[in-house]
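The values are calculated or read from the model by the stated rules, or taken from the named source; none is laboratory data. No experiment lies behind these values; they were computed from the predicted model shown. Glycine gets a Cβ as well: all are built from the backbone with ideal geometry, and neighbour counts include every protein chain shown. We work out accessible area using only protein heavy atoms, side chains counted, and drop any ligands, DNA or RNA first. Shrake-Rupley method; radii C 1.70, N 1.55, O 1.52, S 1.80 Å.
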Amino acid sequence: MATSRLLLRSPTLKSILTVHQCRSASTAVAPSHHNDHQRNQQYLSPNNYLNSWKPPKDPKEAQAKLHQLRREYAKKVKAVRKEYIHEMELQRIEKQRKDEAKKEALRIESEERRAAKLAEKKVKAAERQVAEEEFRQTLLKERAEKLEYHKQREQKFMEKKNEKKELLRRQSSVWIDENELEKRILNAIMDES
């Protein structure tokens, strides 16, 4: 990657690219988005860390510099890892907080649903109790009406029976015993003659 950047920055390659761009611009009919993007491309400023390594003449000094670079790299990696671990811990805590909030919301929703069901059951039980009470009252009313009807029928029956008895009693007062009847018949026959 570093070599490709070096090649891109080299003056000979830049002149070749500009010539190629001029040719492609003259032959192109309409500029496309891709060409426009290449013309307006802004590259990052060169990093002073890249290509900063100048190999020293003394091998011991080179080894010391390499050791120093490795130590700095290890420190940077350690710092990045610490930062990454810290970010992961923060994300874990945030996720845990969100999960707990979601669980709490689900618990509250569940409790509300249970309370609504319980209230609905109570309302249905009250309605059922009212309906049963109305049914019981209707049955009692019907039973009372039937009882009253039977009492009236029995009373009418008793009245008719009493009327018959009374009629029979009146008629029986006119009745005459058999002995008496014979005497009366005899008297009536004699009276006629």
### Message
Just to be sure I understand the curve: with the Debye formula and one point per C-alpha of region 48-193, what is log10 I(q)/I(0) at q = 0.12, 0.14, 0.15, 0.17 Å⁻¹?
### Response
-0.93, -1.01, -1.04, -1.11
### Query
If the convex hull of the alpha-carbon atoms of region 46-105 is projected onto planes in all directions, what is the mean projected area in square nanometres?
6.0 nm²
### Message
Heavy atoms only, 1.4 Å probe, whole protein assembly: order 110, 45 by accessible area, highest first.
### Response
45, 110
### Accessible area, probe 1.4 Å, largest first, for residues 43, 84
43, 84
### Hz values of 3J(HN,Hα) by residue in region 91-107 - Karplus curve (6.51, -1.76, 1.60), Gly and Pro given as x
5, 5, 5, 4, 5, 4, 5, 5, 4, 5, 5, 5, 4, 5, 5, 5, 5
#### Entry: Per-pair calculated FRET efficiency, R0 = 35 Å: residue 124 and residue 149 via Cβ, rounded to 0.05
0.45
### Task
Given a cut-off of 32 Å, name the pairs among 98/124; 141/161; 122/146 whose C-alpha atoms lie farther apart than that in the structure shown.
98/124; 122/146
### Query
Taking the simple approach of a point 7 Å from Cα along Cα-to-Cβ for both residue 85 and residue 62, what is their distance in nm?
3.6 nm
## Note on the structure
Computed for region 40-104: size of charge dipole around the Cα centre, +1 on C-beta of each Lys and Arg, -1 on C-beta of each Asp and Glu, debye to nearest 20, value 280 debye
### Task
May I ask you to evaluate 6.51 cos²θ - 1.76 cosθ + 1.60, the Karplus curve with θ = phi - 60°, for each residue of region 62-68 and list the ³J(HN,Hα) values in order in whole Hz, giving x for glycine and proline?
4, 5, 5, 5, 4, 4, 4
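When only the heavy atoms of the protein chains count and the probe is 1.4 Å, how do 189, 108 rank by accessible area, highest first?
Sorted by accessible area, descending: 189, 108.
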### Query
Between residue 110 and residue 181, what is the spin-label point distance in nm, taking each point 7 Å from the Cα along the Cα→C-beta axis?
10.1 nm
